[in-house]
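Enquirer: For reference, the structure I am asking about is given below.
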Amino acid sequence: MDDFLIRAALAGIGLSIATGPLGAFVVWRRMAYFGDAVAHAAILGVAVALAFSMSVLIGTLVVALGVGLAASTLTARGRSMDTTLGVLAHSALALGLVAISFVRGVRVDLNGFLFGDILTVNAGNLVMIWGGALVVAALLIWRWSALLTATLNEDLAASAGIDPRRERLVLTLAMALVVALSLKIVGALLIGAMLIVPAAAARGFARTPETMALLAVGFGMLAAVGGVWASALADTPAGPSIVVAAALIYLVSLVAGHSGD
Amino acid sequence: MSDRGAPLPVTVNDLTYRVGGQVLLDIPSLEISQAWPTMILGPNGAGKSLLLRLLHGLIAPTSGTIRFNGQMAGGAVGRRQAMVFQKPVLLRRTVAANVNYALKVHDVARAERKGRISALLEQGGLSDHAGQPARTLSGGEQQRLAIVRALASDPDVLFLDEPTSSLDPSASLAIEDLIARAARGGAKVIMITHDLGLAQRLAGDIVFLHHGRVCEQTRAPEFFAHPKSHEAQAYLASKLVL
Ligand SMILES: Nc1ncnc2c1ncn2[C@@H]1O[C@H](COP(=O)(O)OP(=O)(O)OP(=O)(O)O)[C@@H](O)[C@H]1O
Ligand SMILES: [Mg+2]
């Protein structure tokens, strides 16, 4: 197999370490749209990074975090979640696309940011992706009990001395990190899919929260390897192929898994 | 359990809770003693759940103070308390794992947990269900598990918000027994209920709420025999008719 294919598969595998457990929380808390809002904001982050000649990683991280915080503040104030996030997601994306067109002198490959460019991942990117994914996973493992309780019921969490707002913040931070990391792999438009689809598939097989998170990691890895392999074979775009592979796993889970609850 | 120092009385001063200009709760002064279980009664919408959440520190008052033996509600005080909700909230794991989880959240050492889990399950009459997924328990068993899980942290104060409202009479009795034993074990019980029989059997005193105000606070036998306020009289009368 070619080196670049191996690197691509390794990148997807590394990312799954973070998207698995985080995706489980996205599914449990029904925050799919929240993930989209943060991911779409990444495009605005790219524009900001280019305009101020910072690293794209830092730019996307900062903007994703900002939009994440804005979204969680607005929805905590009792505004309709769906509508607020819809407005935020699409305006961040549109604003990003407009802003990029203003950045002079750089010919930007927008496709790369929208759909990912996993086949161009280099050794440096790999280190960053694995490092970042391990940090996110460590963060989630460290806060696991508190996150789980706050997800189950915020009153129950507060009663046990856990501040649900702080746990929401932890998830927002993890989300921003994952978005910044995965921009190069699946792109801004498909990050949400990488979070939700493997976790949704895992739900069909898991009996406890922990097994669901672990299975989501496994399914994510499987989808990454399968997607890269299929894209090499059929010459299809790699990022979308990974998501298609994940969707196939989800379909299998619908047939083979239990109905869940 | 006597070594934990007196967490009570609860003293409430000038307490108000408002949402958008509307006064939902207004309690100039209230004192709840350690001596006996306290039941909060009152019609729907009186503000009972709000008061309980304020006492436990889940929400902050608009103005006024709530102190447990001088210390402010919530924070460190709140961590020495536990609350049971109307609908049991259980993790998607086994019965034993649910209790283990509560012990873990309260930093009980792993070595100690095993013994505590079986003691607690025994207490809740759930020993035979230890390995069963919690969400497959019956409603009554689920609520018993929720109470046992709340007791896992050995709380100073146990708050309960209508813990028996969705249960049949015999399941309610099992819950009542569990609460009575927790009270005898030294936990202060502060509970909301619409079940007057249960209130009569368990309560030391009654706090009667109506429209966000405390109409009266009376020892239980007296309350049921001769309620002082018109609101309580009307409430009891309507309950007897129903
Ligand atoms: N966040 C809020 N915003 C506006 N109104 C509220 C809020 N929380 C509670 N209320 C109102 O405050 C009143 C008291 O509510 P509470 O839940 O304490 O009643 P309750 O005495 O527990 O009634 P029930 O017996 O039906 O449980 C109700 O009229 C309720 O609609
Ligand atoms: Mg209530």
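Enquirer: Only residues that are among the aliphatic types (A, V, I, L, M), assigned to a helix (DSSP H, G or I) and surrounded by fewer than 20 Cβ atoms within 10 Å (Cβ to Cβ): list them for the range B:106-148, please. Reasoning before the result, please.
Expert: Filtering the range B:106-148 down to residues among the aliphatic types (A, V, I, L, M) leaves B:108-109, B:111, B:117, B:119-121, B:126, B:130, B:134, B:137, B:145-148.
Applying the additional criterion that residues be assigned to a helix (DSSP H, G or I) yields B:111, B:117, B:119-121, B:134, B:145-148.
Result: B:A111, B:A119.
Enquirer: Report, by residue number, each residue of the range B:11-26 that is assigned to a strand (DSSP E or B) and either free of Cβ contacts under 8 Å to residues at least 60 places away in the same chain or within 16 Å of ligand 2 (Cβ to nearest atom) (or both).
Expert: Filtering the range B:11-26 down to residues assigned to a strand (DSSP E or B) leaves B:11-19, B:22-26.
Once the filter is applied, which keeps residues that are assigned to a strand (DSSP E or B) and either free of Cβ contacts under 8 Å to residues at least 60 places away in the same chain or within 16 Å of ligand 2 (Cβ to nearest atom) (or both), the range B:11-26 yields B:T11, B:V12, B:N13, B:D14, B:L15, B:T16, B:Y17, B:R18, B:V19, B:Q22, B:L24, B:L25.
Enquirer: Taking the options B:K87, B:K114, B:K104, name whichever one is more than 12 Å from chain A (Cβ to nearest Cβ) and charged (D, E, K, R). Spell out the reasoning first.
Expert: Working: B:K87 fails: more than 12 Å from chain A (Cβ to nearest Cβ); B:K104 fails: more than 12 Å from chain A (Cβ to nearest Cβ).
So the residue among B:K87, B:K114, B:K104 that is more than 12 Å from chain A (Cβ to nearest Cβ) and charged (D, E, K, R) is B:K114.
Enquirer: So which residues in the range A:14-34 are closer than 15 Å to A:L181 by Cα and open to solvent by less than 10 Å² (accessible area, probe 1.4 Å)?
Expert: Kept after step one, since they are closer than 15 Å to A:L181 by Cα, are these residues of the range A:14-34: A:14-20, A:22-23.
Hits for the range A:14-34 are A:G14, A:L15, A:S16, A:A18, A:T19, A:G20, A:L22, A:G23.
Enquirer: Follow-up. Can A:G96 be described as away from every other protein chain (no Cβ under 14 Å), in contact (Cβ under 8 Å) with a residue 40 or more places away in the chain and either open to solvent by less than 50 Å² (accessible area, probe 1.4 Å) or over 30 Å from A:R7 (Cβ atoms) (or both)?
Expert: Yes: the conditions hold for A:G96.
Enquirer: Now for a different question. Conditions first: (1) in contact with a Leu (Cβ under 8 Å, 6 or more places away or on another chain); (2) assigned to a helix (DSSP H, G or I). A:I185 passes all but one, so which condition is the exception?
Expert: Here A:I185 clears every test but (2).
Enquirer: Additional query: Just wondering, is there one or more residues in the range B:124-137 that are over 26 Å from A:D163 (Cα atoms), more than 10 Å from chain A (Cβ to nearest Cβ) and within 18 Å of the chain's Cα centre (by Cα)?
Expert: yes
Enquirer: Suppose we filter B:G70, B:G78, B:G64, B:G57 for residues that are at the interface with chain A (Cβ under 9 Å from one of its Cβ atoms) and at positive phi; which single one remains?
Expert: Working: B:G70 fails: at the interface with chain A (Cβ under 9 Å from one of its Cβ atoms); B:G78 fails: at positive phi; B:G64 fails: at the interface with chain A (Cβ under 9 Å from one of its Cβ atoms).
Only one candidate passes the filter, namely B:G57.
Enquirer: Among the residues of the range B:37-54, count how many are within 12 Å of ligand 1 (Cβ to nearest atom) and at negative phi.
Expert: First, the residues of the range B:37-54 that are within 12 Å of ligand 1 (Cβ to nearest atom): B:40-54.
Pick out the ones that are also at negative phi and you get B:40-41, B:43-44, B:46, B:48-54.
Counting residues in the range B:37-54 that are within 12 Å of ligand 1 (Cβ to nearest atom) and at negative phi gives 12.
Enquirer: If only one of A:T75, A:T83 is more than 22 Å from A:M194 (Cα to Cα), open to solvent by 50 Å² or more (accessible area, probe 1.4 Å) and either assigned to a helix (DSSP H, G or I) or touching a strand residue (DSSP E or B) at 6+ places or on another chain (Cβ under 9 Å) (or both), which one is it?
Expert: Values: A:T75 fails: open to solvent by 50 Å² or more (accessible area, probe 1.4 Å).
None of the others qualify; the one that does is A:T83.
Enquirer: Looking at B:V12, is it of a type in the set (V, I, T) and within 16 Å of ligand 1 (Cβ to nearest atom)? Write out each step before concluding.
Expert: Values: of a type in the set (V, I, T): yes; within 16 Å of ligand 1 (Cβ to nearest atom): yes.
Answer is yes for this residue.
Enquirer: Another question about this same structure. Which residue pairs have Cβ atoms under 6 Å apart, sit 6 or more places apart or on different chains, and have a first residue in the range B:28-51 that is under 18 Å from B:P155 (Cβ atoms) and a second that is of a type in the set (A, V, I, L, M) and within 9 Å of ligand 2 (Cβ to nearest atom)?
Expert: B:I40/B:I192
Enquirer: Can you tell me which residue among B:A60, B:A82, B:A102 is away from ligand 2 (no atom under 16 Å from the Cβ), open to solvent by 50 Å² or more (accessible area, probe 1.4 Å) and aliphatic (A, V, I, L, M)? Don't jump to the end; show me each part of the working.
Expert: Working: B:A82 fails: open to solvent by 50 Å² or more (accessible area, probe 1.4 Å); B:A102 fails: open to solvent by 50 Å² or more (accessible area, probe 1.4 Å).
It is B:A60.
The values are calculated or read from the model by the stated rules, or taken from the named source; none is laboratory data. Because the structure is a prediction, the values reported are computed rather than measured. Note that we place each Cβ from the backbone using ideal geometry, even for glycine, and neighbour counts take in every protein chain shown. Only protein heavy atoms, including side chains, enter the accessible area calculation; ligands, DNA and RNA are left aside. Shrake-Rupley method; radii C 1.70, N 1.55, O 1.52, S 1.80 Å.
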